[in-house]
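Chemist: Sending over a structure as structure tokens; questions will come in a sec.
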Amino acid sequence: MDAVKFINEYLRICETYGSCEGCPFLEESFSCGLDHDNAEKLVAVTEKWSQTHPQKTMMQDFFEKFPNAPKGKDGEPKTCPQNLGYGDFCCGDVDNCKECWSRLLEE
């Protein structure tokens, strides 16, 4: 795991467990603060958590909820995610929303 991905995933863990209840660092009985004594373990726990809690794209979330929805030519749903409340952005190309559907779903 490269440094940028580690930092993003580490922060995602903290955002997920804001109150620290259920936090994987506490489950491993060590502080999530970075210091020389726990750097390797911090990275290992972050990598393991990241692998077991992957971020979903808007498209993955949509097809989990609506597996039989019609698909466009590239496999994306035949509507813009903005029309379904997945965000207030739009790429402007209503016939090809693959870029929009590939965005990560906010947790």
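The values are calculated or read from the model by the stated rules, or taken from the named source; none is laboratory data. In this text, all values refer to a predicted model and were calculated from it rather than measured experimentally. All Cβ positions, even for glycine, are placed from backbone atoms using ideal geometry, and neighbour counts span all protein chains on display.
Chemist: For segment 30-51, which positions are part of a helix (DSSP H, G or I) and either surrounded by 12 or more Cβ atoms within 10 Å (Cβ to Cβ) or at pLDDT below 80 (or both)?
Modeler: Correct list: K41, L42, V43, A44, V45, T46, E47, K48, W49, S50.
Chemist: Can you tell me which residue within segment 75-97, out of those that are modelled with pLDDT of 80 or more and farther than 13 Å from F63 by Cβ, is surrounded by the fewest Cβ atoms within 10 Å (Cβ to Cβ)?
Modeler: Filtering segment 75-97 for residues modelled with pLDDT of 80 or more gives 75-86.
Then drop every residue that is not farther than 13 Å from F63 by Cβ, which leaves 80, 82-83, 85.
Values: C80: 21, Q82: 15, N83: 11, G85: 7.
For segment 75-97, the residue satisfying everything is G85.
Chemist: Scan segment 18-29 for residues that are surrounded by 10 or more Cβ atoms within 10 Å (Cβ to Cβ), assigned to a loop (DSSP other than H, G, I, E, B) and within 18 Å of the chain's Cα centre (by Cα) and report the count.
Modeler: Residues that pass the stated criteria total 1.
Chemist: Identify all residues within segment 55-72 that are part of a loop (DSSP other than H, G, I, E, B) and without any contact (Cβ under 8 Å) to a residue 12 or more places away in the chain; write none if there are none. Full working, then the answer.
Modeler: Kept after step one, since they are part of a loop (DSSP other than H, G, I, E, B), are these residues of segment 55-72: 55-56, 66-70, 72.
F66, P67, N68, A69, P70 - these are the residues of segment 55-72 that are part of a loop (DSSP other than H, G, I, E, B) and without any contact (Cβ under 8 Å) to a residue 12 or more places away in the chain.
Chemist: Residues that are within 17 Å of the chain's Cα centre (by Cα), at negative phi and not basic (K, R): does segment 63-72 have at least one?
Modeler: Yes, because at least one residue in segment 63-72 is within 17 Å of the chain's Cα centre (by Cα), at negative phi and not basic (K, R).
Chemist: In addition: Do you know which residues across segment 1-54 are in contact (Cβ under 8 Å) with a residue 40 or more places away in the chain, under 19 Å from L105 (Cα atoms) and of a type in the set (S, T, N, Q)?
Modeler: T16, S50
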